[in-house]
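Below is one structure, written out as structure tokens, with a few remarks after it.
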Ligand code: G1P
């Protein structure tokens, strides 16, 4: 079945980015000239997604406004003859069909995804975590969709991580299927170096069969009271296979201050209008 729908969880507090995120959604922080979440939305749309459900929470209305029409701004730009901006502003509100659901309590990523159950219905869907931005020849979620189409099972995107990073990611126990493709035998959320099964970490792109919703409902909260998607996938594994794919391209953790700076500099270096300015920077 074709993947038409995606869920973008955007309900978190963005604590790693305080104080910038005190009154502003983390997902609206700008990398060069676009808010973080727009990178995920554009990636989804260029991978064939038509309907996007964003899971939000209190104080996140800027996200809804960003993807909505703004008639006042549009007529202002029209009167002023600023046609390039006008086109861009209109393009953003026409990207996809959006739906917003509130997660009333911060009960974890798994719980946030479960909020979209009715919106998704009985079809496979993608999940994009907006902290992760990618620079890939084939969009990262499209890479996951291709593996889903090949195996007909849920897919997580992977990257090689070092020892310190095992405390930041879900880590899988892999069985190699072919170069870059693994069948998951087990998985654990943020294990740390002692308990990590491997150096394969899960990053923020997933394709799920709708069976994931039952698995989430069976998942017990972790020690912080949060329902983790990694624990839910582990339950899904009892019922059906799940695959991991080592994606091809670059990925930035833009929800983290250092990753955000790296993303901004590297992506700006790829833009001719900014390249020279950055290369000319000299610190006395
Ligand atoms: C989430 C997931 C984790 C995954 C990570 C990827 O963690 O729970 O399994 O490895 O995203 O970025 P978070 O970064 O939201 O704490």
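The values are calculated or read from the model by the stated rules, or taken from the named source; none is laboratory data. From a predicted model like this one, the values you see are computed outputs, not experimental measurements. In this analysis, Cβ positions are derived from the backbone assuming ideal geometry, glycine residues included, and neighbour counts consider all displayed protein chains.
The table below lists the values:
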| item | result |
| --- | --- |
| Within region 109-148, tally of residues that are assigned to a helix (DSSP H, G or I) and either within 16 Å of the ligand (Cβ to nearest atom) or without any contact (Cβ under 8 Å) to a residue 40 or more places away in the chain (or both) | 12 |
| Residue count, region 212-236 (criterion: modelled with pLDDT of 95 or more, surrounded by fewer than 15 Cβ atoms within 10 Å (Cβ to Cβ) and within 11 Å of the ligand (Cβ to nearest atom)) | 0 |
| Residue within region 157-164 that is surrounded by 21 or more Cβ atoms within 10 Å (Cβ to Cβ) and over 24 Å from residue 235 (Cβ atoms) present | no |
| Where a residue in region 20-37 is without any contact (Cβ under 8 Å) to a residue 40 or more places away in the chain and its partner, wherever it lies, is surrounded by 18 or more Cβ atoms within 10 Å (Cβ to Cβ) and part of a loop (DSSP other than H, G, I, E, B), with Cβ under 6 Å and at least six apart | 21/14; 25/60 |
| Given (1) away from the ligand (no atom under 13 Å from the Cβ); (2) farther than 19 Å from residue 6 by Cα; (3) out of contact with any helix residue (DSSP H, G or I) (no Cβ under 6 Å at 6 or more places or on another chain), number of the condition residue 188 does not satisfy | (1) |
| From 259, 255, residue being surrounded by 23 or more Cβ atoms within 10 Å (Cβ to Cβ), within 21 Å of the chain's Cα centre (by Cα) and either under 17 Å from residue 166 (Cα atoms) or within 11 Å of the ligand (Cβ to nearest atom) (or both) | 255 |
| Of residues in region 96-108 being in contact with a strand residue (DSSP E or B) (Cβ under 9 Å, 6 or more places away or on another chain) and in a loop (DSSP other than H, G, I, E, B), the one nearest to residue 220 (Cα to Cα) | 103 |
| Selected residue [within 16 Å of the ligand (Cβ to nearest atom), under 28 Å from residue 253 (Cβ atoms) and exposed (fewer than 14 other Cβ atoms within 10 Å of the Cβ)] from 15, 21 | 15 |
| Subset tally (residues that are assigned to a helix (DSSP H, G or I) and under 13 Å from the mean Cα position of the chain (by Cα)) for region 3-44 | 11 |
| One residue from 158, 95 being within 17 Å of residue 7 (Cα to Cα) and at pLDDT 95 or above | 95 |
| Residues satisfying the stated conditions in region 170-211, i.e. surrounded by 22 or more Cβ atoms within 10 Å (Cβ to Cβ) and free of Cβ contacts under 8 Å to residues at least 60 places away in the same chain | 171, 187, 200, 201, 202 |
